[in-house]
Each structure stands twice: as structure tokens, then as C-alpha cells.
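Inspection log for the structure reproduced underneath, given as C-alpha cells.
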Amino acid sequence: MRIGELAERAGTTARTLRYYESRGLLPARRAVNGYRTYDESDLRLLRQIRTLQDFGFELEETRPFVECLRAGHPAGDSCPASLAVYRRKLAELDGLIDQLQSVRAQVGAQLAQAETAQAEAVQAAAPPPRCELTVPTAQHPTHEANEGEHK
């Protein structure tokens, strides 16, 4: 297949494929007419690269997987170099998770402190509670005033 078809089937662009070729990840085979040619094994390489990149692997980290596939292994992650990359990536992810958990704990503590300060500020600004019911005299005339009106 030609570069356009491979790019479409792999869900990428011809420009990306040329870049992978320049990095040595995709073979640079040419037909007699000068066009690049690819086969199903190249599509499998591209799918491996794309999957790994979706998982957060850098392009160079995909190289051992590509080489494993090129060596004839049915899966690109069955070679020792691929397994080593998996181990390094897992250690990196564990470190990031630890950092995120630490940041989360700090943000949680800041939130709790801010909520406490806010509650204390609201409480300090509130008027003291009234302990008895008082009725303003201007609105409710006393009983004696009412008697005078009825006479």
C-alpha cells in the first residue's frame, strides 16, 4: 500500500509516517516508480507505536517494541528490551502518582484550613443571638391606649 492508505488505516497523517521513517521506526521501502510502499506488518508497527504513545510513552521509548516486532515476534512487548521499557514506565508512573497524592493531601489540608477560617469569620461577624423576645412599643400600642380609643 502507499503512504496515504497506510496513514488512513493507521489513523495518522502521511507527514507523521515520513517523520517515523526519518527516525528509523518505519522502514523506507520504495517501489520502482519511487513511491513509498508498505504492508500489513508496517500497519502493525504503527498500531504498536500509536498505542504506546496513547499510554504516554515518548516516541523513542517505542523503539524496542518496534524492533521486537521487526525481529518476528508476534507481539512487540515480548522482548527483554520492551519489558525493560515497561518497567521504567511503571516506575515513572508510580513516582507521578506519589507526587499527585502528596499534592492532593496538601490541597485538602489547605481547603480544610480555609473552610475553618471562613466559618470562624462568619461566626465572629454575626450579631449576638437574642435571648428574649421583645415587641417594639411603637408598632403595638399598650392595652391602656387601646382602652382610650374604645371610650
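How many residues does region 14-46 hold that are of a type outside the set (A, V, I, L, M, F, W, C) and closer than 18 Å to Glu60 by Cβ?
9
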(message) Of all residues being among the polar types (S, T, N, Q), touching a residue at least 24 places away in the same chain (Cβ under 8 Å) and part of a loop (DSSP other than H, G, I, E, B) in region 1-54, which is least open to solvent (accessible area, probe 1.4 Å)? Just the residue, please.
(response) Thr12
(request) Would you confirm whether any residue within region 106-121 is at pLDDT 85 or above and touching a helix residue (DSSP H, G or I) at 6+ places or on another chain (Cβ under 6 Å)? (result) no
(request) For region 60-85, name all the residues that are part of a helix (DSSP H, G or I) and open to solvent by less than 30 Å² (accessible area, probe 1.4 Å). (result) Thr62, Pro64, Phe65, Val66, Cys68, Leu69, Ser82, Val85
(message) Go through (1) in contact with a Gly (Cβ under 7 Å, 6 or more places away or on another chain); (2) without any contact (Cβ under 8 Å) to a residue 24 or more places away in the chain; (3) of a type outside the set (Lys, Arg) for Ser102 and report which single condition fails.
(response) (1)
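The values are calculated or read from the model by the stated rules, or taken from the named source; none is laboratory data. Keep in mind that what you see is a predicted model, and the values were worked out from it rather than measured. In this analysis, Cβ positions are derived from the backbone assuming ideal geometry, glycine residues included, and neighbour counts consider all displayed protein chains. These accessible areas exclude ligands, DNA and RNA; they are computed on the full protein's heavy atoms, side chains included. Shrake-Rupley method; radii C 1.70, N 1.55, O 1.52, S 1.80 Å.
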